[in-house]
């Protein structure tokens, strides 16, 4: 439902699923996802935290929580969420410090120029090997290029992800991370290619 743009209907179905299984971390994350697609980041944060109440190591809940903090410009919470996620998976202290340093650079970039500067900083910091890694890396780099305003590069990476039929593109029509491309007529062509509205 959500992938086709029926955001309210999708949310209602997820809320019905929660009534049937009120302690499901997965359903709670799906509700957070619904609010993410509606760009209601405050509610996405609430529901991601509700999922973490059930499963403190739920990777997707932590990713949505960090993403919502990033979208709202709450970099202190974004940094803490990334550190908490790394700690919960047993990352060594050196990796934790590297995460803190990277998040600090992103925070400074945000102060200088908002989300576009954060995307540019992330692109500049990406390892050269990662630039050509393919697979889900194409989606990550397409999003970053779009947010940085590099639309030609964003569409090149998006096309590679489409060619590989990456399942992460199911929410291309509604996910906020693609908003940087929505005003370009090429985006409508990509949606048509996937059969999305």
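Just so it is clear, none of the values below were taken in a lab; they were calculated from the coordinates. None of these values were measured; they are calculated from a predicted model.
In whole Å, largest first, what are the principal axis extents of the Cα atoms in the range 1-85?
Ordered largest first, the range 1-85 gives principal extents of 33, 26, 16 Å.
Subtracting the Cα-Cα distance from 0.36 nm times the residue separation, let me have the gained length for residue 43 to residue 111 in nm, one decimal. Each step should come with its number before you reach the end.
Details: separation 68, 0.36 × 68 = 24.48 nm, distance 2.47 nm.
Stretched out fully, the residue 43 to residue 111 stretch lengthens by 22.0 nm.
Round to a whole angstrom and tell me the spacing of the C-alpha centers of the range 80-126 and the range 142-175.
22 Å
Quick check on the chain: take the gyration tensor over C-alpha atoms, sort the square-rooted eigenvalues as a ≥ b ≥ c, and tell me if it's rounded (a/c under 1.5), prolate or oblate. Please list the in-between numbers first.
Values: a/c = 1.72, a/b = 1.04, b/c = 1.66.
Here the chain falls in the oblate category.
Sequence gap at least 6, Cα distance under 8 Å: using those rules, report the relative contact order of the range 1-121 to the nearest whole percent. Each step should come with its number before you reach the end.
Working: 129 pairs, mean separation 18.1, N = 121.
Reported relative contact order: 15 percent.
Classify the range 128-194 from the C-alpha gyration tensor, please: rounded if a/c falls under 1.5, else prolate or oblate depending on whether a/b exceeds b/c. Numbers along the way, then the final one.
Details: a/c = 1.70, a/b = 1.23, b/c = 1.39.
Here the range 128-194 falls in the oblate category.
Sort the range 68-174 into rounded, prolate or oblate with this rule: let a ≥ b ≥ c be the square roots of the eigenvalues of the Cα gyration tensor; rounded if a/c is under 1.5, and if a/c is not under 1.5, prolate when a/b is larger than b/c, oblate otherwise.
Numbers: a/c = 1.81, a/b = 1.45, b/c = 1.25.
Prolate.
Most fluctuating residue of 144, 65, 11 in a GNM of the chain with Cα springs under 10 Å: which is it?
Sorting by GNM fluctuation, first place goes to 11.
Helix-only estimate, please: 222 nm mean residue ellipticity of the chain, summing -39500 (n - 2.57) across DSSP H runs of length 4 or more and dividing by its residues, to the nearest 500. If you can, show how the numbers build up before the last one.
Details: 10 runs with 142 residues, N = 197.
Helix contribution divided over all residues of the chain: -23500 deg cm²/dmol.
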